[in-house]
Structure formats: C-alpha cells, structure tokens
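Take a look at the structure below.
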C-alpha cells in the first residue's frame, strides 16, 4: 500500500530482520531492494503479483529500512530507509562479512557524507524540541557513527546555541542554524536513535 501510486520503484523485501510492537505501532526491520517497475506506472493487486512481474533492478543496492504501521490498519504504513550512501561492514575481530547486518554486527557510517551530517543535526533538533527546556544545541563536529541492530549511534561535539527552545518559532533544524549563534560551550556527547527514526533521538553528554 505504501508503494502504490508513488513515482518510485516497487520495493522487494529481501530479508525481514526483526519485528517489534511499540504501543499500538508495529515496526519491522527489513532489507529492501528496488525492482524494475515504477509503482505509478505498473498496476499490481498484491505483493505476490508484484514480485512475480517485477524483478529486482540490476545493480540496485539493498537498503535497511523500517516499516511502521498502526496495529490492525496497514493503510497507515510508512517506510523509512537509510540514505543511499557508502556503508562499511565491520565484524568482530576485524573480519569483513557481507552478512554481518543480519548477525548483530556493527556497520560504520561514513559521517563525512552530508546526509549523515543532516541526520545528526535533525536528531539533535528533535531531542531539543522534545525537551522543550533550555537552549538549542548546534552540532560542531561529528566524530563517528555506527549502527548495531536497530540502534544508530553518533559521537558528536555540541555547542550551546544562543536561542531558547521555542517549538512555535523554529520549525526545523535549518531555522536554528540560520538564526542562532554558538556560545562556545562545547562538549562531547552521544546521539542515539532506533529504527532509523530521528524523532526518537536521545542525547547523552
């Protein structure tokens, strides 16, 4: 249902890694791959039909994604995927293993990529907004980042911003960076969030 009528390719489920119930919400961690069929151009009536008529697109990367829907109503389905950027699999003992994502290993993020810089800034902004207390924080530097299972973690340097938290004034992190200056009170912190969803971010300093 989520894929229907979108301008993107249909997605094929390669692996279902885990399933979790969070209140009334069901969350699946899955590996998805693009197919050759564009959803808005090819009409199918079931996932099974789609798999039968739409083979995976050659060379398309497999992405780790989180599928959310409210219990009992798949019409509410939302899908969030990691950005299509370079990830470096790392196994215990330094052994490189293409299956490590499914065996509880750690994936190191290339934090020099702008997508991850934006992800961290958004995560810190969501944490500030949730606290609704004190001042906003600016990300001065992202030291490293990784994912292990459902948990993404980033080691970062934060600076206090000059602006107090006002959820009715700042709609997004870009507004904070445009309008608020750093105050030079830097400290090292860790940003964490689960299921590729920055809205549940927590920051520990």
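Pairs under 7 Å by beta carbon, first residue farther than 28 Å from residue 24 by Cβ in the stretch 54-83, partner modelled with pLDDT of 85 or more and outside any strand (DSSP E or B), six or more apart or different chains?
54/42
Just checking, how many residues over the stretch 156-167 are out of contact with any helix residue (DSSP H, G or I) (no Cβ under 8 Å at 6 or more places or on another chain) and either modelled with pLDDT of 95 or more or within 13 Å of residue 82 (Cα to Cα) (or both)?
Number of matching residues: 2.
With the requirement that a residue be in a helix (DSSP H, G or I) and surrounded by 15 or more Cβ atoms within 10 Å (Cβ to Cβ), what does the stretch 182-199 give you?
198
Given the condition at pLDDT below 85, crowded, with 17+ Cβ neighbours inside 10 Å and either over 27 Å from residue 199 (Cβ atoms) or outside the structural domain of residue 150 (by TED's automatic domain parsing) (or both), answer yes or no: does some residue in the stretch 50-61 qualify?
No; the residues of the stretch 50-61 include none that is at pLDDT below 85, crowded, with 17+ Cβ neighbours inside 10 Å and either over 27 Å from residue 199 (Cβ atoms) or outside the structural domain of residue 150 (by TED's automatic domain parsing) (or both).
Please verify whether the stretch 25-37 includes one or more residues that are surrounded by fewer than 15 Cβ atoms within 10 Å (Cβ to Cβ) and part of a loop (DSSP other than H, G, I, E, B).
No, the stretch 25-37 has no match at all.
Run residue 108 past the list (1) at pLDDT 80 or above; (2) part of a strand (DSSP E or B) and report the number of the one that doesn't hold.
(1)
So for the stretch 22-35 (the condition being touching a helix residue (DSSP H, G or I) at 6+ places or on another chain (Cβ under 8 Å) and modelled with pLDDT of 90 or more), does at least one residue qualify?
yes
How many residues, within the stretch 156-181, are assigned to a strand (DSSP E or B) and surrounded by 16 or more Cβ atoms within 10 Å (Cβ to Cβ)?
Of the residues in the stretch 156-181, 6 are assigned to a strand (DSSP E or B) and surrounded by 16 or more Cβ atoms within 10 Å (Cβ to Cβ).
The values are calculated or read from the model by the stated rules, or taken from the named source; none is laboratory data. Predicted model only: the values in this text are computed from it and were never measured. In this analysis, Cβ positions are derived from the backbone assuming ideal geometry, glycine residues included, and neighbour counts consider all displayed protein chains.
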